[in-house]
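Worksheet: one structure, shown below.
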Amino acid sequence: MSRVLLKNVTKKFGETTVVKDFNLDIADKQFCILVGPSGCGKTTTLRMVAGLEDITDGEIFIGDKKVNNVPPKDRDIAMVFQNYALYPHMSVYGNMAFGLKLRGYSKKEIEARVKEASEILNIPHLMNRKPKELSGGQRQRVAVGRAIVRKPKVFLFDEPLSNLDAKLRVQMRAELKKLHERLQTTIIYVTHDQVEAMTMGDLICVMKDGLIQQVDLPLLLYDKPVNKFVAGFIGSPPMNFIMVEVIKVRESLWLDEGTFKVKLADDMKKAIDPYAGQKLLMGIRPEDIYDKLFYRIGPLEGNVVTVTVDVVEPMGSEVYLHMNSGRNNFIARVDAHNQAKSNQLIEVVFDMNKVHLFDPEKEATIC
């Protein structure tokens with residue numbers, strides 16, 4: 001069993017608390033992502049699991065064993081760092097074999113493990129090269145291979161793709177996901193990139209200021225964020241947030257932005273009815289705002305808004321429209337064939353079934 005359990009883990013540097021009362025249960029063979037902005041404590045948490053940082057309070061278990069006071073070499077983990085940390089004077093083979101030699105494995109066993117790992121990563125032809133003769137993607141594979149030969153209970157990855165170019169990052173995300181499916185071991189992966197988190201993780205832990213905000217499946221984080229931070233962090237471009245007042249008109253509830261009004265979906269009325277006359281924060285994702293000319297999904301009553309286009313960003317497969325209502329700025333992600341121009345007045349449609357509403361002070365999700 002390679003389950004990893006963190007119970008009430010806290011880390012302080014002097015008087016500064018960087019991880020606060022952290023509780024996370026990572027199941028055997030699970031691919032868990034720790035994601036959040038820089039300085040949120042995700043790398044510190046990973047280093048505590050590895051034993052590279054002492055914990056101030058709490059307990060960490062790997063399998064059934066409490067490892068608070070167990071040195072890193074005895075935790076049966078392997079870590080891949082952001083800078084790969086390869087030995088420049090050693091060949092690829094030497095780098096992959098070095099840790100096994102220190103642990104006293106036989107030459108035959110070392111050769112078999114390195115050969116197996118190199119074939120998994122498609123790098124047998126690189127065995128005699130030095131790190132300086134490798135591309136960034138190749139160095140990344142060697143660093144992963146050095147971890148694979150250990151056959152550890154748990155793999156720890158600390159932003160391993162951040163030094164690669166955009167195209168190679170996409171390729172390596174897919175390769176690491178396939179690697180996990182092949183090795184069937186537990187992986188804890190740290191990143192600040194929510195796209196990496198959404199595309200790779202079985203379980204995602206979103207962090208902010210040393211605190212867990214939400215732990216969930218990728219699609220549940222996207223569809224049901226627990227607060228404004230998670231809603232805004234997950235998704236690209238990020239969710240639009242607009243302050244509105246809840247207005248009751250006969251049996252309907254409307255959200256009044258000041259320059260436009262949109263009608264609340266019927267299935268949200270029960271949750272929002274107590275807030276009639278109050279201000280709430282409305283969130284809507286760019287992909288849930290449509291150019292009226294291209295909208296073919298449902299009725300238009302109560303969800304059409306007139307806006308001015310500020311900037312048009314063609315992305316190839318889609319177009320980002322940066323717009324303003326006169327009071328608020330927001331982004332729509334629309335069809336690639338959209339013909340909107342800067343400074344043009346257009347009508348857009350809000351998919352009111354996809355709207356999120358938040359308490360403006362506590363920033364917690366209402367519905």
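The values are calculated or read from the model by the stated rules, or taken from the named source; none is laboratory data. Source: prediction; values computed, not measured. A quick note on method: Cβ atoms are made from the backbone with ideal geometry, for glycine too, and the neighbour counts reach across all protein chains shown. Just so you know, the surface numbers come from the protein's heavy atoms only, side chains and all, with ligands and any DNA or RNA stripped out. Shrake-Rupley method; radii C 1.70, N 1.55, O 1.52, S 1.80 Å.
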So MET315 fits all but one of (1) touching a residue at least 24 places away in the same chain (Cβ under 8 Å); (2) within 30 Å of GLN339 (Cβ to Cβ); what number is the exception?
(1)
Please specify each residue of region 189-236 satisfying the condition of being among the small types (Gly, Ala, Ser), in contact with a Pro (Cβ under 7 Å, 6 or more places away or on another chain) and in a loop (DSSP other than H, G, I, E, B).
GLY201
How many residues does region 86-104 hold that are part of a helix (DSSP H, G or I), more than 12 Å from ARG129 (Cα to Cα) and open to solvent by 30 Å² or more (accessible area, probe 1.4 Å)?
3
List every residue pair whose Cβ atoms lie under 7 Å apart, where the two residues are 6 or more positions apart in sequence or sit on different chains, the first residue falls within region 49-67 and is closer than 15 Å to VAL18 by Cα, and the second residue, located anywhere, is open to solvent by 40 Å² or more (accessible area, probe 1.4 Å) and charged (D, E, K, R).
GLU53/ARG47; THR56/LYS12; GLY58/LYS7
Quick count over region 338-367, residues being open to solvent by less than 70 Å² (accessible area, probe 1.4 Å), among the aliphatic types (A, V, I, L, M) and in a strand (DSSP E or B), is 5
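Give me the residue from region 105-134 that is open to solvent by 60 Å² or more (accessible area, probe 1.4 Å) and in a loop (DSSP other than H, G, I, E, B) and, out of that set, farthest from PRO160 (Cα to Cα). Walk me through how you get there before you give the answer.
At the first step, the residues of region 105-134 found to be open to solvent by 60 Å² or more (accessible area, probe 1.4 Å) are 105-109, 111, 115-116, 119, 122, 124-125, 128-130, 132-133.
Of the ones still in play, those that are also in a loop (DSSP other than H, G, I, E, B) are 105-106, 122, 128-130.
Working: TYR105: 27, SER106: 30, ASN122: 18, ASN128: 23, ARG129: 21, LYS130: 19 Å.
Here the answer is SER106.
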Every residue in region 135-154 that is open to solvent by 10 Å² or more (accessible area, probe 1.4 Å) and not in a loop (DSSP other than H, G, I, E, B), please.
GLY136, GLN138, ARG139, ARG141, ARG146, ILE148
Subset of region 317-337 that is closer than 16 Å to PRO286 by Cα and of a type in the set (Gly, Ala, Ser) - its residue that is least open to solvent (accessible area, probe 1.4 Å):
ALA332
Suppose we filter region 116-127 for residues that are over 19 Å from TYR87 (Cα atoms) and not aliphatic (A, V, I, L, M); how many remain?
3
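Take LYS292 and tell me if it is touching a strand residue (DSSP E or B) at 6+ places or on another chain (Cβ under 8 Å), among the basic types (Lys, Arg), surrounded by 15 or more Cβ atoms within 10 Å (Cβ to Cβ) and over 19 Å from THR365 (Cβ atoms).
On the way: touching a strand residue (DSSP E or B) at 6+ places or on another chain (Cβ under 8 Å): yes; among the basic types (Lys, Arg): yes; surrounded by 15 or more Cβ atoms within 10 Å (Cβ to Cβ): no; over 19 Å from THR365 (Cβ atoms): yes.
Against the criterion (touching a strand residue (DSSP E or B) at 6+ places or on another chain (Cβ under 8 Å), among the basic types (Lys, Arg), surrounded by 15 or more Cβ atoms within 10 Å (Cβ to Cβ) and over 19 Å from THR365 (Cβ atoms)), LYS292 does not qualify.
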Hits in region 238-262 (condition: surrounded by fewer than 16 Cβ atoms within 10 Å (Cβ to Cβ) and within 32 Å of the chain's Cα centre (by Cα)):
PRO238, MET243
Residue list for region 212-234, filter: of a type in the set (A, V, I, L, M) and open to solvent by less than 60 Å² (accessible area, probe 1.4 Å):
ILE212, VAL215, LEU221, VAL230, ALA231, ILE234
Please verify whether LYS208 is over 30 Å from GLU347 (Cβ atoms) and open to solvent by less than 70 Å² (accessible area, probe 1.4 Å), treating the condition exactly as stated.
yes
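So if I check each of LEU52, LEU24, which one is part of a strand (DSSP E or B) and either farther than 30 Å from ALA231 by Cβ or within 19 Å of the chain's Cα centre (by Cα) (or both)?
LEU24
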Taking region 76-120 and keeping only residues that are without any contact (Cβ under 8 Å) to a residue 40 or more places away in the chain, touching a Gly at 6+ places or on another chain (Cβ under 8 Å) and over 25 Å from ARG3 (Cβ atoms), one is left with VAL114, SER118
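Taking the stated definitions as given, is LEU6 surrounded by 14 or more Cβ atoms within 10 Å (Cβ to Cβ) and in contact with a helix residue (DSSP H, G or I) (Cβ under 6 Å, 6 or more places away or on another chain)? Full working, then the answer.
Numbers: surrounded by 14 or more Cβ atoms within 10 Å (Cβ to Cβ): yes; in contact with a helix residue (DSSP H, G or I) (Cβ under 6 Å, 6 or more places away or on another chain): no.
So LEU6 does not fit the description; no.
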So, first residue closer than 15 Å to VAL307 by Cα in region 285-296, second residue of a type in the set (Phe, Trp, Tyr), Cβ within less than 8 Å, six or more apart or across chains; the pairs are PRO286/TYR320; PRO286/PHE330; ILE289/PHE330; ILE289/PHE350
